[in-house]
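What follows is a set of notes on a single structure, which appears directly below.
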Amino acid sequence: MDAIALLKKDHMTVKRLFDRFEKARSGKKEIADRIVKELAVHAAIEEQLFYPAARLKAKRNEMEEADDQVLEALEEHHVAKWLLSEIDKLDEDDERFEAKVSVLIESVKHHVKEEEGALFRYCRRLFTRDELVTLGRMMAKAKKMAPTRPHPRAPDQPPGNLVAGAAAAMFDKGLDFMRDAGKQAMSKVNGRMRRVARQAHLNDPPG
């Protein structure tokens, strides 16, 4: 899969999550957590690989408009990562939770529209087919090691983002493990409580 196809696939995954969030009547925090993770990983591979490669090609070909598109995309990432960071810390019953996710959805949809429009058109001209395929393979591998949470204060361009991204990814995976372990533990506790309640009900003398 070439780099542009990979990014479009990510966009579709996030769009489906947005649709699920907007239609859901419960469990919105779990959907929001998935949105945060998907967008954090997506932003990381763009900032570590796709955007630097596009900027390098744009400068070599003196295509200033393409470079400007990447810079604008980086600024949109910056805004989105602050929102993602705030959403990641909010509970579903917080009065600002749904409002923040709605603003994020609008912002990301705008970003995707511009990226899949002008920026990807420029990249089709700047890169050969083989270069896009090679870049896509690199990005697919990078996804496995990318941070799973937003880090808005971290550098968003090489070389700083490569070092910060590796450290953040290790930290995030630890947090993911603890969060998943906590959910599993709570699920087991709730299951035991339900079994105890059922047993107590069965042992009650008939009225």
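The values are calculated or read from the model by the stated rules, or taken from the named source; none is laboratory data. Please read these numbers as outputs of a predicted model, since none were measured by experiment. Cβ atoms come from the backbone with ideal geometry, glycine included; neighbour counts cover every protein chain shown.
Worth a mention:
- Number of the condition not met by Asp91 [criteria: (1) part of a helix (DSSP H, G or I); (2) within 23 Å of Pro147 (Cα to Cα)]: (1)
- Matching residues in the stretch 18-55 - criterion: being in contact with a Leu (Cβ under 7 Å, 6 or more places away or on another chain) and among the polar types (S, T, N, Q): Gln48
- Screening Ala99, Ala118 for residues that are touching a helix residue (DSSP H, G or I) at 6+ places or on another chain (Cβ under 6 Å), under 20 Å from Val14 (Cβ atoms) and either at pLDDT below 95 or assigned to a helix (DSSP H, G or I) (or both) leaves exactly one candidate, Ala118.
- Hits in the stretch 27-55 - residues which are free of Cβ contacts under 8 Å to residues at least 40 places away in the same chain, part of a helix (DSSP H, G or I), farther than 20 Å from Leu74 by Cβ and out of contact with any Phe, Trp or Tyr (no Cβ under 7 Å at 6 or more places or on another chain): Glu30, Arg34
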